[in-house]
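Notes follow the structure.
The values are calculated or read from the model by the stated rules, or taken from the named source; none is laboratory data. The model shown is predicted, which means the values in this text are computed figures rather than measured ones. Note that we place each Cβ from the backbone using ideal geometry, even for glycine, and neighbour counts take in every protein chain shown.
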Amino acid sequence: MRKGISPLVATVILIAATMSIAGILAYWTTSFIKTRLTEAESITGGSKCFGAEFELRSGSYNDNTLNLILDNKKSVDLLLTNLFLVYPDNKLDTKSLNETLKGNEIKALIINDVATGFLTGEIKTQCSDVYVFFTYSKVAG
């Protein structure tokens, strides 16, 4: 006469197998998510840039001076690195800013020695995907 394994032993084996598979899947999922987050941080500039956003509230231009009012919409501090101005003859003028726009701050930025007639301007930050674009007509008009 043949005997099988008892129902209690079979249940313990099934539970152990299920828990082992769940542990392997949890470990793999955790590793996968950590890898994806690291990749995303390297693309966006890291968690220090996550959710960063600022805008140009207003601007004016007179006597070769560009006056800009910037509004940081989030709690992330931004380092304003450069101002790029494009002129009709495709000349690019770069101004180094090195100004900090603190989180939720509104700040006046004054840039001297700006030649008249630029077409567009762009303020870059330390976060590659966080910048402000504007036109001459918006600030001089």
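Observations, loosely collected:
- Within the option set Ala40, Ala22, Ala17, being modelled with pLDDT under 85 and on the phi < 0 side of the Ramachandran plot holds for one residue only, Ala40.
- Against the list (1) more than 16 Å from Gly59 (Cβ to Cβ); (2) outside any strand (DSSP E or B), the condition Ser96 fails is (2).
- Among residues of the stretch 61-89, those that are exposed (fewer than 13 other Cβ atoms within 10 Å of the Cβ) and over 20 Å from Asn104 (Cα atoms), counted: 6
- Gly117 satisfies every condition listed in (1) on the phi < 0 side of the Ramachandran plot; (2) surrounded by fewer than 16 Cβ atoms within 10 Å (Cβ to Cβ) except (1).
- Matching option when the condition is without any contact (Cβ under 8 Å) to a residue 60 or more places away in the chain and part of a strand (DSSP E or B), among Leu68, Leu79: Leu79
- Leading residue by the ranking (farthest from Phe134 (Cα to Cα)) among those in the stretch 74-93 that are within 22 Å of the chain's Cα centre (by Cα) and hydroxyl-bearing (Ser, Thr, Tyr): Ser75
- Just one residue in the set Asp77, Asp71, Asp63, Asp89 is modelled with pLDDT of 95 or more and charged (D, E, K, R); that residue is Asp71.
- Considering the stretch 120-129, and only residues there that are over 16 Å from Asn98 (Cβ atoms) and touching a residue at least 40 places away in the same chain (Cβ under 8 Å), the residue that is surrounded by the most Cβ atoms within 10 Å (Cβ to Cβ) turns out to be Gly121.
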